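The structure under discussion appears below in the form of structure tokens.
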Amino acid sequence: MDDVAIIGAGPVGLCLAVLLAQRGKSVRVFEQRSAPSSHSRAIGLHPPAQRILDVAGVGRQAQEQGVPIMRGLGISRGRIVGSMDFGVVGGSYPQILSLPQAATEDLLRERLAQLAPGALSVGCAFERVLDASEPHVEFTAGGATHSARWLVGADGVHSTVRTQLAAAFTGKEHQDHYSMGDFPDATDLRHTAALFLHSSGIVESFPLPGGLRRWVVRTGGGGPSRGTAQQLAQDVARRTGFIVDPEDCSMFSEFATASRFVSSMVHGRVVLLGDAAHQISPIGGQGLCLGLADAQRFSEVVAGVRQVEGFSTMQLRAARAAAHRARLNMFLGRPVPSWMLPLRDAVFQLASSTPRIHDAVARSFTMS
């Protein structure tokens, strides 16, 4: 019998497996995909996430492969109206690290293979829980029966484990929809994140490794726009002045936004982590950091360093706070009438030029 069985080999599940293996716990990860996704997906590793990757033994490689984002700029009507220096957060990681999720998963997968060869089972989908009575959980995955002292669902927003538990996942969808793409970087922004405040809606831009840059455009509400890389490039040009070639787009996707939470992450010996437990808007890039924090703290529960009582309350409180920040970010990026632009610009200028406000916003933005 394993100490912990984990459903889902995304960054949260893999990180938990690594942290547990380092503590000498027996662990197994079940992943329904037969091969890892190459989609860049989540790219923002905030300072707390970088510290967790350090604990997991992959921090140095992450820093070598990623691009540090040292500051943020607010740009409106061709002018810089706000600047944020992330260095004020101090500590070992005074920046946000940009690293595609696929690369983060690769590092964690390799680390797990070093610590616990054979612990990852791919092409092995979770099916159902057979018995969750103390002191273990019996379940089926890949057509076979397995048992573990803990079963962890780290299988994303559409969690099969959560569905099996019949756990409510309540909240709401938001009116904000976005398209995003990764293109060769044609700017001189280097280690800078840029927020272009346009009357039609915000455009966000972040550096990526390999000389790439991600562009995220608010496309409106009422459902996904079913856009294209060509349309995204046109929006970027119209709202920012920068030209990107849709033929060079290495990743394009669209996403809606929502806030949803389980009432509890702990259901006897079955635990939900990451997006399986809390869904928040990707705007602000906080979701991955929240999931990694879930993994670290639950590894302490398994190790006996932390009590399971209070674990869910603590992690859901952090997720709700992050959701509130994400909603504020989305609100600031919504379309506004042209007559309101000077007022919004003035607010950004005031916030960035007042040291106390600037430092507080920088700490909030970096989840520090």
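One line per residue, one yes/no per condition, for (1) in contact with a strand residue (DSSP E or B) (Cβ under 8 Å, 6 or more places away or on another chain); (2) in contact (Cβ under 8 Å) with a residue 60 or more places away in the chain; (3) not hydroxyl-bearing (S, T, Y):
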{"site": "T170", "(1), (2), (3)": "yes, yes, no"}
{"site": "P184", "(1), (2), (3)": "yes, yes, yes"}
{"site": "H191", "(1), (2), (3)": "yes, yes, yes"}
{"site": "V203", "(1), (2), (3)": "yes, no, yes"}
{"site": "P207", "(1), (2), (3)": "yes, yes, yes"}
{"site": "G210", "(1), (2), (3)": "no, no, yes"}
{"site": "R218", "(1), (2), (3)": "yes, yes, yes"}
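Having 3 or more residues that are touching a Phe, Trp or Tyr at 6+ places or on another chain (Cβ under 9 Å) and among the aliphatic types (A, V, I, L, M) is the bar; report the strands (runs of 3 or more DSSP E) wholly within region 160-255 that clear it. Write out each step before concluding.
Numbers: elements: 169-184, 192-197, 203-208, 212-220.
Because the criterion is at least 3 residues that are touching a Phe, Trp or Tyr at 6+ places or on another chain (Cβ under 9 Å) and among the aliphatic types (A, V, I, L, M), the strands (runs of 3 or more DSSP E) in region 160-255 that meet it are 192-197, 212-220.
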query: Mind checking which residues of region 30-61 are out of contact with any strand residue (DSSP E or B) (no Cβ under 8 Å at 6 or more places or on another chain) and at pLDDT below 95?
result: P36, S37, S38, R41, A42
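Is one or more of the residues making up region 265-280 free of Cβ contacts under 8 Å to residues at least 40 places away in the same chain, farther than 19 Å from L195 by Cα and over 15 Å from the mean Cα position of the chain (by Cα)?
Checked against the condition, which is being free of Cβ contacts under 8 Å to residues at least 40 places away in the same chain, farther than 19 Å from L195 by Cα and over 15 Å from the mean Cα position of the chain (by Cα), region 265-280 yields no hits at all.
Table: residues versus (1) assigned to a strand (DSSP E or B); (2) touching a residue at least 12 places away in the same chain (Cβ under 8 Å); (3) among the charged types (D, E, K, R); (4) over 30 Å from G201 (Cβ atoms).
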residue: A42; (1), (2), (3), (4): no, yes, no, no
residue: A49; (1), (2), (3), (4): no, yes, no, no
residue: A62; (1), (2), (3), (4): no, yes, no, yes
residue: P68; (1), (2), (3), (4): yes, yes, no, no
residue: S83; (1), (2), (3), (4): yes, yes, no, no
residue: S92; (1), (2), (3), (4): no, yes, no, yes
residue: E105; (1), (2), (3), (4): no, yes, yes, yes
residue: L112; (1), (2), (3), (4): no, yes, no, yes
- line: Residue hits (region 203-231; among the β-branched types (V, I, T) and at pLDDT below 95) are T219, T228
- prompt: Given (1) under 21 Å from the mean Cα position of the chain (by Cα); (2) surrounded by fewer than 23 Cβ atoms within 10 Å (Cβ to Cβ); (3) in a helix (DSSP H, G or I), where does V88 come up short, assuming only one miss?
  reply: (1)
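The values are calculated or read from the model by the stated rules, or taken from the named source; none is laboratory data. Just so it is clear, the model here is predicted, and its values are computed rather than measured. Neighbour counts run over all protein chains shown; Cβ positions are idealised from the backbone, glycine included.
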